[in-house]
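Right, one structure below, let's go through it.
Values in this text are rule-based calculations from the coordinates and carry no lab data. Note that the structure is a prediction, hence the values are computed from the model and not measured. Glycine also receives a Cβ, built like all others from the backbone with ideal geometry; neighbour counts cover every protein chain displayed.
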Amino acid sequence: MTNSINQSQVKRTVLNNGIVVLVTENPAADIVAARMFLGAGSCYEREEKAGLAHLLSAVMTKGCKTNGSGYSQTTLSSMEIAEAVESVGASLSTDSTSDYFVVSVKTVTADFPEILALAGNIMRFPTFPELEVELERKLALQDLRSQKEQPFSIAFEQLRKIIYQNHPYAMSALGDEDTISNLTRDDLVEFHQTYFRPDTLVISIAGRIDVDYAVKLIEDIFGDWQPPTNQPPEKLTLPEIAIAPQQVATHQNTQQSILMLGYLAPSVHSPDYAALKLLSTYLGNGLSSRLFVELREKRGLAYEVSALYPTRLFSSSFIVYMGTAPENTETALTGLRTEVDLLSSSKLTPDAIQAAKNKILGQYALGKQTNAQLAQVYGWYETLGLGIAFDQDFQDAIAAVTAEAAEAAACKYLREPYISLVGQEEAIRRVLNPDS
């Protein structure tokens with residue numbers, strides 16, 4: 001049970017205030033990276049506040065108060081934060097996803113205490129300057145309007161909405177124009193006060209750093225942060241997702257048609273997760289994938305074609321998509337459906353199974369080469385409730401997938417697709433109304 005970094009090299013400590021600290025000693029380079037995860041992604045937003053976590057991530061580094069970190073000011077501006085980071089060649093960023101919020105840090109070992117202290121101040125004491133909030137809100141609106149001109153974004157958004165219905169995953173992380181337009185600084189403050197707390201925080205550190213020193217550093221910076229008294233972390237109550245496959249289309253005068261098939265699929269906690277990961281890789285990962293070879297190389301139908309199965313804390317989706325010439329829309333959609341349907345009616349050959357396994361495991365190993373990648377992987381697994389053992393469990397599960405298990409997973413999840421189409425009106429009409 002070893003890898004380039006094995007589990008025995010990842011030390012897990014829980015502080016008195018509930019912070020989980022993961023430290024991976026990796027002295028290969030004089031770099032330390034940290035990822036700080038919180039359960040504060042877009043799933044935690046109210047529907048009318050969609051886009052709030054994204055806006056928070058955009059504004060969070062634009063100002064903060066200090067907490068005895070050695071700075072003379074009681075408040076740091078956006079420019080002062082940027083100068084503190086860039087003056088030592090470090091990086092510090094914030095981001096949000098559906099399932100979590102993350103603060104990322106990378107710097108040389110000698111500067112790590114200073115930059116981590118700054119990250120702690122940004123996480124705990126953001127000031128959310130009104131002018132910065134307004135600027136980032138306008139930029140988010142521009143991004144949303146830009147996406148409405150991109151056929152792939154349109155197809156993906158409408159597919160997401162019909163699959164997830166009233167579940168938070170249905171909404172774009174950016175929200176929509178109505179929700180973003182109505183977000184205020186007070187909304188940011190309330191969201192931060194509700195979800196930013198030490199007992200939901202995972203800090204994952206990797207690099208040339210001693211475990212005991214790293215833990216003491218975290219205690220010095222975050223040890224006085226206490227969770228709210230008599231207020232446990234909020235538990236998400238998410239709606240059930242009813243499976244109701246349907247078709248949705250948008251007419252747009254584009255040079256190609258975008259075709260997407262979507263299937264409601266299980267979360268990372270499902271015993272079928274590994275089999276579906278393998279099927280996604282077999283179908284649409286790379287130039288040797290089934291969809292690329294059959295639909296692009298042999299039949300010339302696809303400008304682009306791929307498959308994805310995102311790792312999600314809650315119900316995920318299995319998606320295959322293609323860009324094709326308008327005149328090929330009907331033929332391409334039939335070809336796409338046929339390839340997915342074959343997974344339920346015929347077993348993959350031993351060579352195909354092994355090739356997909358090799359590809360997954362090879363890419364997985366390459367995704368853990370840097371300290372930033374190591375900090376991300378182990379922190380993410382802890383945040384998802386999987387623990388660091390999942391690093392090896394995932395590899396073992398992929399290696400154990402059989403042709404029978406892959407076929408069974410396809411039969412269970414990949415039968416009737418949701419269909420999302422974007423393209424020229426005549427091309428889409430022929431697909432939706434072939435007899436007209």
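Here are a few things to note about the model shown:
- The mean of 1/r over all distinct Cα pairs in the stretch 247-432, once inverted, gives the Kirkwood hydrodynamic radius of 17.4 Å.
- Over the chain: helical MRE at 222 nm, DSSP H runs n ≥ 4 each giving -39500 (n - 2.57), nearest 500: -13000 deg cm²/dmol
- Karplus-derived 3J(HN,Hα) values for the stretch 32-43, using 6.51 cos²θ - 1.76 cosθ + 1.60 with θ = phi - 60°, are 10, 10, 9, 10, 10, 9, 9, x, 8, x, 5, 4 Hz; glycine and proline are entered as x.
- Shape category assigned to the stretch 167-276 from the gyration tensor of Cα positions, a/c cut at 1.5: prolate
- The length gained by stretching the chain between GLN392 and ASN166 to full extension, at 0.36 nm per residue less their Cα-Cα distance, is 77.9 nm.
- The charge dipole of the stretch 247-432, taken about its Cα centre with unit charges on the Cβ atoms of Lys, Arg (+1), Asp and Glu (-1) only, comes to about 100 debye.
- Build a GNM of the chain with springs between Cα atoms under 10 Å apart, and of GLY362, GLY175, GLY262 the one that fluctuates most is GLY362.
- Within the chain, percent of DSSP bridges classed antiparallel, to nearest 5: 80
- Debye log10 I(q)/I(0) at q = 0.17, 0.34 Å⁻¹ for the stretch 355-399, Cα point scatterers: -0.48, -1.15
- ³J(HN,Hα) computed for each position of the stretch 174-191 - Karplus, 6.51 cos²θ - 1.76 cosθ + 1.60, integer Hz, glycine/proline x: 7, x, 9, 4, 5, 5, 4, 4, 9, 6, 10, 4, 4, 5, 5, 4, 5, 5
- Set LYS298/LYS359; LYS216/LYS359; LYS65/LYS106; LYS106/LYS357; LYS65/LYS148; LYS359/LYS412 screened for pairs whose C-alpha atoms are more than 28 Å apart: LYS216/LYS359; LYS106/LYS357; LYS65/LYS148
- Between TYR303, TYR164, TYR263, the GNM of the chain built on Cα springs shorter than 10 angstrom shows TYR303 fluctuating the most.
- Between THR334, SER204, GLN150, the Cα set farthest toward the positive side of the dipole of the chain (charges on each charged residue's Cβ, about the Cα centre) is that of THR334.
- Cα-based shape type of the stretch 1-143, given that a ≥ b ≥ c are square roots of the gyration tensor eigenvalues and the cut on a/c is 1.5: oblate
- For the chain, the fraction of alpha-carbon pairs lying more than 27 Å apart is 58 percent, rounded to a whole number.
- The chain - charge dipole about Cα centre, Lys and Arg +1 at Cβ, Asp and Glu -1, debye rounded to 20: 820
- The chain: angle of helix 403-413 to the longest principal axis, Cα-based, in degrees nearest 10: 90
- GNM flexibility winner over the chain from ILE360, ILE398, ILE241 (Cα, springs under 10 Å): ILE241
- DSSP beta bridges in the stretch 247-432 [antiparallel fraction, %, rounded to 5]: 80
- Rounded tilt (10° steps) of 130-147 against the dominant C-alpha axis of the chain: 10
- Rounded FRET efficiency, nearest 0.05, which uses the C-beta distance separating ARG337 from LEU135 and R0 of 60 Å: 0.85
- On Cα atoms only, tilt of 151-164 relative to the major axis of the chain in degrees: 90
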